[in-house]
1. Just checking, which of N48, N4, N31 is at pLDDT 95 or above, under 20 Å from F145 (Cβ atoms), among the polar types (S, T, N, Q) and more than 15 Å from the chain's Cα centre (by Cα)?
2. Quick check on D41: is it surrounded by fewer than 13 Cβ atoms within 10 Å (Cβ to Cβ) and touching a residue at least 60 places away in the same chain (Cβ under 8 Å)?
3. Please tell me if E181 is outside any helix (DSSP H, G or I) and out of contact with any Asp or Glu (no Cβ under 6 Å at 6 or more places or on another chain).
4. Within region 1-32, take every residue that is in contact with a helix residue (DSSP H, G or I) (Cβ under 9 Å, 6 or more places away or on another chain), under 21 Å from I117 (Cα atoms) and part of a loop (DSSP other than H, G, I, E, B) and give me the one that is most open to solvent (accessible area, probe 1.4 Å).
5. Quick check: anything in region 192-210 surrounded by fewer than 23 Cβ atoms within 10 Å (Cβ to Cβ) and at positive phi?
6. Is it the case that I203 is more than 28 Å from G85 (Cβ to Cβ), assigned to a helix (DSSP H, G or I) and either out of contact with any helix residue (DSSP H, G or I) (no Cβ under 8 Å at 6 or more places or on another chain) or at pLDDT below 95 (or both)?
7. Among the numbered criteria (1) over 21 Å from the mean Cα position of the chain (by Cα); (2) under 22 Å from R214 (Cβ atoms); (3) of a type in the set (A, V, I, L, M, F, W, C), which one does I9 miss?
Amino acid sequence: MENNDKILIERLRNTKKALIVVDVQNDFCHNQGAFAKKGVDLSFIQKNVIPKLLSFIERCREFKLPIIFVKTIHSNWTNSPSWIGRLGGMAKEIPVCTPDSWGSEFYEVKPEPEDCIVIKHRYSAFIGTDLNLILRSKGIETLLFTGTVTNVCVETTARDAFNHDFNVILVEDCCGAYFPEEHQATLVNISKYFGTVTTSDRIIEILSEIKQKRS
């Protein structure tokens with residue numbers, strides 16, 4: 001853990017950073033959304049993750065970090081047979097984040113005009129999008145990952161970020177999964193193979209110390 005903290009401090013101090021907010025949308029997070037209607041318990045995400053995330057976003061704004069909101073849209077134009085056959089065929093039965101639907105709208109989070117919104121059609125925000133171009137254009141090297149759900153779209157995007165040679169930092173208390181064991185599995189997997197796992201409080205603490213030393 002001590003070595004991981006040293007890596008975390010070095011990357012937050014010496015590289016250009018961006019906050020990535022993945023799939024915080026009604027269908028994934030709201031009690032009237034598609035997953036809640038199928039009986040998924042969203043209480044942990046709603047009561048624990050979202051308040052932390054909203055606070056973290058505001059603190060990141062104070063430090064002038066670029067913020068990229070990732071939004072899923074599934075339509076007949078992008079739904080392949082293999083894609084809609086996922087989840088044991090349930091994906092065909094549950095319309096999720098369809099174009100211009102209430103379910104596809106952001107849940108609680110509110111992007112500002114200066115923020116970037118990336119639309120994706122698969123689990124990874126790097127597949128079929130301009131996310132890599134955006135990050136390279138801004139000289140960003142380190143990505144802070146937040147959002148839902150931890151073990152699917154957040155993890156898949158974080159893995160792809162690593163494979164694109166970005167530094168990956170998973171903000172564990174600003175991510176949520178539908179089952180605790182799935183969330184925990186991603187924390188272990190990312191920390192062992194793909195990046196660094198830490199809390200929002202630790203990131204803010206380090207950024208505050210860096211700012212103080214530079215002022």
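The values are calculated or read from the model by the stated rules, or taken from the named source; none is laboratory data. Bear in mind that the values here come from a model prediction, so they are computed numbers and not experimental data. Neighbour counts are summed over all protein chains in view; Cβ atoms, including those assigned to glycine, are modelled from backbone coordinates with ideal geometry. The protein model used for the area step is the full one, side chains on, heavy atoms only, and it has no ligands, DNA or RNA in it. Shrake-Rupley method; radii C 1.70, N 1.55, O 1.52, S 1.80 Å.
1. Details: N4 fails: at pLDDT 95 or above; N31 fails: under 20 Å from F145 (Cβ atoms).
Within the list N48, N4, N31, the selection yields N48.
2. Taking the combined requirement at face value, the residue satisfies it.
3. On the way: outside any helix (DSSP H, G or I): no; out of contact with any Asp or Glu (no Cβ under 6 Å at 6 or more places or on another chain): yes.
It is false that E181 is outside any helix (DSSP H, G or I) and out of contact with any Asp or Glu (no Cβ under 6 Å at 6 or more places or on another chain).
4. Top of the filtered list is H30.
5. no
6. No, not satisfied.
7. (1)
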